[in-house]
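Notes to accompany the following structure.
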Amino acid sequence: MLRAPSENMNVDLLALDEALKKLFSVKDRHARIIELRFFGSLSVEATAEVMDVSGATVEKDWRVARAWLIHELSDDHL
C-alpha cells in the first residue's frame, strides 16, 4: 500500500514528483486525491468534502491512482 513517506522509507522524490506531474496531466482528480490523502493525510471523508465528491468516488479513485502511481514508480516500469 502507498503510505506517506517516513524516515524508514527510501523514496525517490524526483521520480515521485515526475509521476505525480504525469498523473495530473492524465487524471487531475486522481492526482489531487493522492496529494490530499498521501501528503495531507486526509481521511476519505475529509478528501470527499474538500473535493466536493462522494466518499465512494474518493475510495475508487484512490485505489486506481495508487495502483497507477505504484506501477509508475516500479522497477519494471523505469
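The values are calculated or read from the model by the stated rules, or taken from the named source; none is laboratory data. Note that the structure is a prediction, hence the values are computed from the model and not measured. A quick note on method: Cβ atoms are made from the backbone with ideal geometry, for glycine too, and the neighbour counts reach across all protein chains shown.
In the stretch 16-39, of all residues being of a type outside the set (S, T, N, Q) and loosely packed, with under 13 Cβ neighbours inside 10 Å, the one that is nearest to the chain's Cα centre (by Cα) corresponds to F39.
Every residue, every condition in (1) farther than 24 Å from S74 by Cβ; (2) at pLDDT below 95; (3) of a type in the set (D, E, K, R), yes or no:
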site	(1), (2), (3)
A19	no, yes, no
R29	no, no, yes
L42	yes, no, no
A46	yes, no, no
V50	yes, no, no
E59	no, no, yes
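In the set (1) within 20 Å of L13 (Cα to Cα); (2) crowded, with 16+ Cβ neighbours inside 10 Å, the condition left unmet by A48 is number (1).
If you go through the stretch 48-69 and keep only what is hydrophobic (A, V, I, L, M, F, W, C) and farther than 16 Å from E35 by Cβ, you end up with A56, A67.
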